[in-house]
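Chemist: Let me begin by handing over the structure; questions about it come next.
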Amino acid sequence: MPITTIIKDSFEKIFGNKERVLVVMAHPDDNEIICGGIVARLIDEGKKVRLVVMTNGGKGFQDRTDVTEEQFGKMRIAEQIAAGIELGLPKEENFNLEIPDGTVENTLANIERVVFHIRQFKPDLIITQNPFDPINTFSEDVHWVNHRDHRGTASIVLDAAYPYSRDRGFFPEHFTKFNLTPHTVNELMFSDAYAYPDVLYFDITKYFERKRSALLQHKNAFDADTVENEFLAESKLEPGKNFERLKYITI
Ligand SMILES: [Zn+2]
């Protein structure tokens, strides 16, 4: 008989004292895959959530020849908004920066765009992608490339969080033109941290159906089998219970 471990839910420990959570992801479907259940739970518990997606995913049509990057990107942004609605995320808090897919570089211009959202939304914590590993390790046998846009996004978020959002010297037009104020955020969480011994687990059992409905909105990104057998399957860590996993760090 395998030993059943009781997985500890870290939701209250991490989010109990938070009011505002910013999620910054590379592509229109990353939020739902990585933390759709957490987002639904946060909103259900009265927290404010904003999603900022860097690209429209316009190059993700693989070998299809019936669409252009521009058309495909538009469809994917529409899916991002529809998926957010399934999670309870209002359209007004669901943004896409429309940086061309596959070109998310850590430039000052891109840092500025994330800093703008940090200074405007003033999050207590930011969820983003894995900045550490070019190769993600899911298990001993399962690895994948940590997409270049994911690495780029994570690295931009790190710089935006410190010190560019905090210091008045950076992007002063935010204060003069947009009436924003500096903001300091010290808590971050990263995806694709399965192999990290200190990865935290968040119970999303109650929000599993909403995660499924949200994922199924991304009809141009993946099919229903992939939703069931990959994205939802990985959350089934105990009989009848579902979890998402993130690494927490203070800076
Ligand atoms: Zn992605």
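The values are calculated or read from the model by the stated rules, or taken from the named source; none is laboratory data. Just so we're clear, the structure is a prediction, and the values are computed from it rather than from any experiment. No Cβ is skipped: glycine too gets one built from the backbone with ideal geometry, and neighbour counts run over all protein chains shown. In case anyone asks, the SASA skips ligands and DNA or RNA and just uses the protein heavy atoms, side chains included. Shrake-Rupley method; radii C 1.70, N 1.55, O 1.52, S 1.80 Å.
Chemist: For the ranges 168-174, 245-251, 189-195, what's the packing order if you count other beta-carbon atoms within 10 Å of each residue, average per peptide, and put the highest first?
Modeler: Ranked by mean Cβ neighbours within 10 Å, highest first: 189-195, 245-251, 168-174.
Chemist: At 7 Å along the Cα-to-beta-carbon direction for both THR137 and THR205, put a label point, then send me their distance in nm to one decimal.
Modeler: 3.0
Chemist: Working only with C-alpha atoms, what are the Rg and Dmax values of region 147-241, expressed in angstrom?
Modeler: 18.7, 55
Chemist: Shifting gears a bit: Filter the cross-link list LYS59/LYS177; LYS59/LYS122; LYS48/LYS219; LYS47/LYS91; LYS18/LYS247; LYS47/LYS211 down to pairs whose alpha-carbon distance in this structure exceeds 24 Å. Don't jump to the answer; show the numbers that get you there.
Modeler: Working: LYS59/LYS177 34 Å; LYS59/LYS122 31 Å; LYS48/LYS219 27 Å; LYS47/LYS91 16 Å; LYS18/LYS247 17 Å; LYS47/LYS211 17 Å.
Violating the 24 Å Cα-Cα cut-off are LYS59/LYS177; LYS59/LYS122; LYS48/LYS219.
Chemist: Quick one: grab the alpha carbon gyration tensor of region 178-230, order the square roots of its eigenvalues as a ≥ b ≥ c, and give me rounded if a/c is under 1.5, else prolate or oblate depending on whether a/b is larger than b/c.
Modeler: Because a/c hits 1.5 or more and a/b fails to exceed b/c, region 178-230 counts as oblate.
Chemist: Of all beta bridges DSSP finds with both residues in region 1-154, what is the antiparallel percent, to the nearest 5?
Modeler: Of the beta bridges lying entirely in region 1-154, close to 20 percent run antiparallel.
Chemist: List the residues, sorted by chain then number, that are 5 or more residues from LEU200 or on another chain and whose placed amide H is less than 5 Å from its amide H.
Modeler: HN-HN under 5 Å from LEU200: LEU246, LYS247, TYR248.
Chemist: In region 11-250, how does Rg compare with the Kirkwood Rh, expressed as the Rg/Rh ratio over alpha carbon atoms?
Modeler: That ratio is 0.95, to two decimals.
Chemist: Starting from the Cα of PHE222, step 7 Å along the direction of its Cβ; do the same at VAL67; then give the gap between the two resulting points in nm.
Modeler: Inter-label distance under the simple model: 1.6 nm.
Chemist: Let me ask you something else. Over region 11-250, calculate the relative contact order: mean separation of alpha carbon pairs under 8 Å at least 6 apart, over the residue count, as a percent. Don't jump to the answer; show the numbers that get you there.
Modeler: On the way: 445 pairs, mean separation 60.7, N = 240.
Relative contact order here is 25 percent.
Chemist: Sticking with this structure for a sec: Solvent-accessible area per residue for the chain at a 1.4 Å probe radius, Å²?
Modeler: For the chain, the per-residue accessible area is 47 Å².
Chemist: To continue, here is another question. Of the options PHE121, TYR196, LEU108, report the single residue whose Cα projects farthest towards the positive end of the charge dipole of the chain (beta-carbon charges: Lys, Arg +1; Asp, Glu -1).
Modeler: PHE121
Chemist: Something else: Based on alpha-carbon centroids, what's the gap between region 1-64 and region 73-147 in Å, whole number please?
Modeler: One Cα centre to the other: 10 Å.
Chemist: In nanometres, what is the gap between the two model label sites at ALA233 and GLU93, each 7 Å from Cα along Cα-to-Cβ?
Modeler: 3.3
Chemist: 222 nm [θ] for the chain, helices only, -39500 (n - 2.57) per DSSP H run of 4+, per residue, to 500?
Modeler: The per-residue figure over the chain is -9500 deg cm²/dmol.
Chemist: OK, next. Which residues in region 46-88 have a backbone N closer than 20 Å to a point placed 7 Å from the Cα of PHE178 along the Cα-to-Cβ line?
Modeler: Label zone hits: 48-56.
Chemist: Charges at C-beta only: +1 for Lys and Arg, -1 for Asp and Glu. How large is the resulting dipole of the chain about its Cα centre, in Debye rounded to 20? Walk me through the intermediate numbers first.
Modeler: Working: 30 positive and 40 negative charges, 189 e Å.
Charge dipole, the chain, about its Cα centre: 900 debye, nearest 20.
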